[in-house]
Amino acid sequence: TNLKNITIPKKLTSLGDSVFFDCKSLTNITLPDGITILPNSAFARCTNLVDIRLPSVLIKIGSETFRLCSKLTHITIPENVTLIDQEAFAKCDSLTNITIPDRVTHINNWVFSPCAALTSVTIGTGVTHIGQEVFKNCSNLTNIVINSDKVTAIGNGAFSDIKHDARFTVKTDAIKTLIINSNSGINADQIDVKP
């Protein structure tokens, strides 16, 4: 509980599930370049974590990896990431904006539910599936840009209880329809289609 910062050795290539779970005093972490997967709950409940640098070769962020990291204000998701698993950033109440890289194909259920300070989201060109309640209760979310024209599924309540006048920019009419039909309370006039 007294661990405040850590630099993981460069030769390390993997971490175990829940490795830093509930390290409430941890504020800074530097991860080596060889780590490709952040395991489930690796940094969950690190409530004072303010800075983490993720390795460029990272391909997966596991479930609940940063859940309840309530002081984390910013994180850069590396461009090689293809999967963000469920509740990965749930209850990260200080995150203000997020960019989903182009290689991500799936944003699983409840990934950002809720993130109270989140105002802006940009979703990359490779996303095909947005899970259920991904952004539920992100009450300040006002700007959502979906750059992918490949989205074929948007889960139930994916954008429910975001800011009432939130604006969407999407690539196709089909994606606009998916948002309207996702039971998120989003109206057609909130969505701009810009191919």
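For region 149-170, taking the residues that are farther than 27 Å from Ser94 by Cβ and touching a Lys or Arg at 6+ places or on another chain (Cβ under 7 Å), the one that is most open to solvent (accessible area, probe 1.4 Å) is identified as Asp149. For the criterion of being touching a helix residue (DSSP H, G or I) at 6+ places or on another chain (Cβ under 8 Å), closer than 28 Å to Val50 by Cα and not in a strand (DSSP E or B), Phe135 fails. Report whether or not Phe159 is aromatic (Phe, Trp, Tyr), touching a Ser or Thr at 6+ places or on another chain (Cβ under 6 Å) and either closer than 25 Å to Pro39 by Cβ or at pLDDT 95 or above (or both). Criteria met by Phe159.
Checking region 144-160 against the condition returns no match, with no residue being free of Cβ contacts under 8 Å to residues at least 40 places away in the same chain, touching a Pro at 6+ places or on another chain (Cβ under 7 Å), closer than 23 Å to Thr177 by Cα and not in a strand (DSSP E or B).
For region 49-103, a residue qualifies if it is within 22 Å of Thr13 (Cβ to Cβ) and of a type in the set (Val, Ile, Thr), and the qualifying residues are Ile52, Val57, Ile59, Ile61, Thr65, Ile75, Thr76, Ile77, Val81, Thr82, Ile84.
The set of residues from region 177-192 being more than 14 Å from Ala153 (Cβ to Cβ) and either open to solvent by 70 Å² or more (accessible area, probe 1.4 Å) or touching a Phe, Trp or Tyr at 6+ places or on another chain (Cβ under 9 Å) (or both) comprises Gly185, Ile186, Asn187, Asp189, Gln190, Ile191, Asp192. Every test in (1) more than 30 Å from Leu31 (Cβ to Cβ); (2) under 13 Å from the mean Cα position of the chain (by Cα) is passed by Thr99 save one, and that test is (1). Close contacts from region 161-177, counting a first residue that is within 14 Å of Val127 (Cβ to Cβ) and a second that is of a type outside the set (D, E, K, R) and open to solvent by 80 Å² or more (accessible area, probe 1.4 Å), with Cβ to Cβ under 6 Å and a gap of 6+ residues or different chains, come to Lys171/Pro195. Among residues belonging to region 116-146 that are within 11 Å of the chain's Cα centre (by Cα) and closer than 15 Å to Ala166 by Cα, point out the one that is most open to solvent (accessible area, probe 1.4 Å). Here the answer is Thr122.
Beta carbons closer than 7 Å, at least 6 apart along the sequence or on distinct chains, pair a first residue in region 101-112 that is within 17 Å of Glu79 (Cα to Cα) with a second that is in a loop (DSSP other than H, G, I, E, B) and of a type in the set (Gly, Ala, Ser) for Pro101/Gly124; Asp102/Gly124; Asp102/Gly126; Arg103/Gly126; Val104/Gly124; Val104/Gly126; Thr105/Gly126; Ile107/Gly131.
The values are calculated or read from the model by the stated rules, or taken from the named source; none is laboratory data. All figures in this text were calculated on a predicted structure; none of them were measured in a lab. Here Cβ is always computed from backbone atoms with ideal geometry, including for glycine, and neighbour counts include all displayed protein chains. Note: areas computed on protein heavy atoms with side chains; ligands, DNA, RNA excluded. Shrake-Rupley method; radii C 1.70, N 1.55, O 1.52, S 1.80 Å.
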